[in-house]
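None of the figures in this text is laboratory data; all of them are computed from the coordinates on show. Please read these numbers as outputs of a predicted model, since none were measured by experiment. Note: ideal-geometry Cβ built from the backbone for every residue, glycine included; neighbour counts use all protein chains shown.
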Amino acid sequence: MKRRTGVVLALDETDPDKAMKIVSDVSEYIDAVKINWPLVLSAGPDMINRLAEVTDVICDFKVADIPNTVRLIVENCVSRGAAAVICHAFTGDDSMQAAVEAAAGKADIIAVTEMSHPGGTMFTAPVAEDLAKMGVENGAKGFIAPATRPDRIRLIRSIVGDKLILTPGVGAQGGSASAAIEAGADYVIVGRAIYGAEDPVAVARSIAESIKDLI
């Protein structure tokens, strides 16, 4: 992914036509669109192909399985044009290796260290440092750290060096885009605040402008 604005749109819209329109409208102000199961289950996997014609696509399937299943999922995402696939790190090094090998240099593997919602502090946060170290050792290109807890972004940055950090939780969950970037994130992930707005373009523009001097 090429960083122009530092903004990634988390598109959990379930209407495929509306989803495509939103992405087309805000494409000037985002670097990628992150899609999860809600959109894929309602619109089908071809949505990856359609969106990839407009912008970079991050398949946020939070893949967490045995190596062979991880490989199959990542290969399918890559074959449809995904630029990156998000995988949980807690499944261990063999599954992370399988993801990286399946991406085959055609897409980035982004490892989850800690999620942005309150429950993210329960089980993954206590081992986030180990998850980040394991991801680095096994070839992950990027990491997920929470915008809702900027201190955790700083911690992960101290471990992953110049690897990418993408940070969810901006907007509806209360995270600040500028605080996340100042803490060390490369990209802020924004969902409902953009796609649920009356004027998604205005919101996307505002967020991009709020961090343009920081990236």
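Give, as ranges by residue number, the residues of region 35-49 whose backbone N falls under 17 Å from the point 7 Å along Cα→Cβ of Lys18.
Backbone N within reach: 35-44.
Fewest first, what order do His117, His88 take by the number of other Cβ atoms within 10 Å?
Details: His117 12, His88 22.
Result, fewest neighbours first: His117, His88.
Kindly state, to the nearest 0.05, the FRET efficiency for Ala197 paired with Arg3, given R0 = 25 Å and r defined as their beta-carbon distance. Mind showing how you got there, number by number?
Numbers: r = 23 Å, r/R0 = 0.92.
Calculated value: 0.60.
Output the pairs from Lys2/Lys62; Lys18/Lys163; Lys2/Lys133 with a Cα-Cα distance over 27 Å in this structure; if there are none, say none. Before the final figure, lay out the partial values.
Numbers: Lys2/Lys62 22 Å; Lys18/Lys163 33 Å; Lys2/Lys133 25 Å.
Correct reply: Lys18/Lys163.
Expressed in nm to one decimal, what extension gain is obtained for the pair Trp37 and Leu214 from 0.36 nm per residue of sequence separation less their Cα-Cα distance? Provide the component values of the computation, followed by the final result.
Numbers: separation 177, 0.36 × 177 = 63.72 nm, distance 3.16 nm.
Length gained, Trp37 through Leu214: 60.6 nm.
Dividing the convex hull volume of the Cα atoms of the chain by its residue count, what figure in Å³ per residue is obtained? Could the numbers behind the result be given before it?
Working: hull volume 22.2 nm³, N = 215.
Dividing the Cα hull volume of the chain by its residue count gives 103 Å³.
Using the Karplus curve 6.51 cos²θ - 1.76 cosθ + 1.60 with θ = phi - 60°, what ³J(HN,Hα) values do you get for each residue of region 90-105, in whole Hz, with x for Gly and Pro?
5, 6, x, 5, 5, 5, 5, 4, 4, 5, 5, 5, 5, 5, 6, x
What are the residues whose amide H is under 5 Å from the amide H of Phe61, where those residues sit 5 or more places off or on another chain and H is modelled from the backbone?
So Phe61 has HN proximity to Ile86.
Return the FRET efficiency for the residue pair Asp162, Asn68: r is the Cβ-Cβ distance, R0 is 45 Å, and the value is rounded to the nearest 0.05.
The calculated FRET efficiency here is 0.90.
Provide the per-residue ³J(HN,Hα) series for region 65-79, in order, calculated from phi with Karplus coefficients 6.51, -1.76, 1.60 and θ = phi - 60°, each as a whole number of Hz, with x at glycine and proline positions.
Going residue by residue, I get 7, 5, x, 5, 5, 4, 4, 5, 5, 5, 4, 5, 4, 5, 5 Hz, with x marking Gly and Pro.
Return the sequence-ordered ³J(HN,Hα) values of region 146-162 in whole Hz as given by the Karplus equation 6.51 cos²θ - 1.76 cosθ + 1.60 applied to θ = phi - 60°, using x for Gly and Pro.
Each residue's phi maps through the Karplus curve to give x, 5, 6, 9, x, 4, 6, 5, 4, 4, 5, 4, 5, 9, 8, x, 8 Hz.
Simple spin-label model, 7 Å along Cα-to-Cβ: Ser206 to Asn49 in nm?
In this crude spin-label approximation the distance works out to 3.8 nm.
Looking only at Asp186, Asp15, Asp130, which one moves most when the chain is put into a Gaussian network model with springs between Cα atoms under 10 Å?
Of Asp186, Asp15, Asp130, the most mobile in the Gaussian network model is Asp15.
Can you pull out the cysteines in the chain that have no other Cys Cβ under 4.7 Å?
Cys87, each lacking another Cys Cβ under 4.7 Å.
For Ala10, enumerate residues with amide H under 5 Å from its amide H, sequence gap 5+ or separate chain, H modeled in the peptide plane.
Those lying under 5 Å, H to H, from Ala10 are Lys34, Val190, Gly191.
Give me Ser178, Ser95 sorted ascending by neighbouring Cβ count inside 10 Å, so fewest comes first. Could the numbers behind the result be given before it?
Details: Ser178 15, Ser95 23.
Listed from fewest to most nearby Cβ atoms, that is Ser178, Ser95.
Amide H to amide H under 5 Å from Asp56: which residues, 5+ apart in sequence or cross-chain, H placed 1.01 Å off N in plane?
Val33
Which of Phe90, Phe123, Phe143 comes first, and how do the rest follow, when ranked by fewest Cβ neighbours within 10 Å?
By the 10 Å Cβ count, ascending: Phe123, Phe90, Phe143.
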